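Student: My questions will all concern the structure given below.
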Amino acid sequence: MRMAFSVLDMTPEDADAFARAIVDAKAKIHLCPICQNLTDREVCAVCDDLTRDKRVICVVSDAKTVMAMEKVKEYRGTYHVLHGVLSPLNGITPDKLKIKELLARVNEGDVKEIIVATNANVEGETTAMYLARLLKPLDIKVTRLAYGISVGTDIEFADEVTLYRALQGRRDV
């Protein structure tokens, strides 16, 4: 609704330019043939970057997660975008995700680690466990992002699951 009102407040010229930009984006943006991220180039900028460690793949559920990870500027591996998470109740089964493309990448290259970076909810955990079961027999290290108490949060307000995960993901100081 906010977007509709914003468009109504635009000048006819701005609205026309906005409409052209949407049509142009829809025509030019496609999936990277390597990582399945969105790109307007033949291969996305991450896959095309020779300084990236191609042996480490961070598996995410959507392109927005890639953008969030890139803001940190610490991760130097590559990505693989699943375009969803497993949710049998919603009809999202493994064949609806970009899992077979991930397995093809793993089988083609010298991959040493898969980092599963799906959300810490039922669907994200189910997807992580499914991927781990598929990848473990291939003799590849499969890791999961640590999660727990957010920076700036008081421990007394954390729920039991969050505290449990924080304890599991603890590290040396």
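The values are calculated or read from the model by the stated rules, or taken from the named source; none is laboratory data. Keep in mind the model is a prediction, meaning the values are calculated, not measured. Please note: Cβ atoms are built from the backbone with ideal geometry, for glycine as well, and neighbour counts cover all protein chains shown. What goes into the accessible areas is simple: the full protein's heavy atoms, side chains included, and nothing from ligands, DNA or RNA. Shrake-Rupley method; radii C 1.70, N 1.55, O 1.52, S 1.80 Å.
Student: Of the residues 131, 102, 86, 97, only one is touching a Pro at 6+ places or on another chain (Cβ under 9 Å) and among the aliphatic types (A, V, I, L, M); which?
Tutor: 86
Student: Taking interchain pairs and intrachain pairs at least six residues apart, which have beta carbon atoms under 7 angstrom, with the first residue in the stretch 9-37 and closer than 21 Å to residue 98 by Cα and the second open to solvent by less than 90 Å² (accessible area, probe 1.4 Å) and of a type in the set (Asp, Glu)?
Tutor: Sorted first by the residue in the stretch 9-37, then by its partner, the pairs are 36/101.
Student: Looking at (1) touching a helix residue (DSSP H, G or I) at 6+ places or on another chain (Cβ under 6 Å); (2) not in a helix (DSSP H, G or I), which one does residue 7 not meet, given that it meets all the others?
Tutor: Evaluating residue 7 over (1) touching a helix residue (DSSP H, G or I) at 6+ places or on another chain (Cβ under 6 Å); (2) not in a helix (DSSP H, G or I) leaves (2) as the failure.
Student: So residue 42 ticks every box in (1) closer than 23 Å to residue 146 by Cα; (2) without any contact (Cβ under 8 Å) to a residue 60 or more places away in the chain but one. Which box is left unticked?
Tutor: Against the list (1) closer than 23 Å to residue 146 by Cα; (2) without any contact (Cβ under 8 Å) to a residue 60 or more places away in the chain, residue 42 comes up short only on (1).
Student: Working carefully through the options 163, 102, 131, find the one that is open to solvent by less than 70 Å² (accessible area, probe 1.4 Å), of a type in the set (A, V, I, L, M, F, W, C), touching a helix residue (DSSP H, G or I) at 6+ places or on another chain (Cβ under 8 Å) and over 24 Å from residue 35 (Cα atoms). If you could, list the steps in order and put the result at the bottom.
Tutor: Details: 102 fails: over 24 Å from residue 35 (Cα atoms); 131 fails: over 24 Å from residue 35 (Cα atoms).
Step by step, each of 163, 102, 131 is checked, and only 163 is open to solvent by less than 70 Å² (accessible area, probe 1.4 Å), of a type in the set (A, V, I, L, M, F, W, C), touching a helix residue (DSSP H, G or I) at 6+ places or on another chain (Cβ under 8 Å) and over 24 Å from residue 35 (Cα atoms).
Student: Also: Kindly check whether there is at least one residue in the stretch 3-26 that is open to solvent by 30 Å² or more (accessible area, probe 1.4 Å) and either in contact with a Ser or Thr (Cβ under 7 Å, 6 or more places away or on another chain) or under 20 Å from residue 133 (Cβ atoms) (or both).
Tutor: Among the residues of the stretch 3-26, not one is open to solvent by 30 Å² or more (accessible area, probe 1.4 Å) and either in contact with a Ser or Thr (Cβ under 7 Å, 6 or more places away or on another chain) or under 20 Å from residue 133 (Cβ atoms) (or both), which makes the answer no.
Student: Same structure again: Quick test for you: out of 146, 132, 166, pick the one residue that is modelled with pLDDT under 85, of a type in the set (A, V, I, L, M) and closer than 16 Å to residue 59 by Cα. Outline the logic, then answer.
Tutor: Values: 132 fails: modelled with pLDDT under 85; 166 fails: closer than 16 Å to residue 59 by Cα.
Just one listed residue meets the conditions, 146.
Student: Please go through the stretch 142-160 and give me each residue that is within 23 Å of the chain's Cα centre (by Cα) and either surrounded by fewer than 13 Cβ atoms within 10 Å (Cβ to Cβ) or of a type in the set (Phe, Trp, Tyr) (or both), ordered by number. I'd like the intermediate steps shown before the answer.
Tutor: The initial filter retains those residues of the stretch 142-160 that are within 23 Å of the chain's Cα centre (by Cα), namely 142-151.
Across the stretch 142-160, the qualifying residues are 146, 147, 150, 151.
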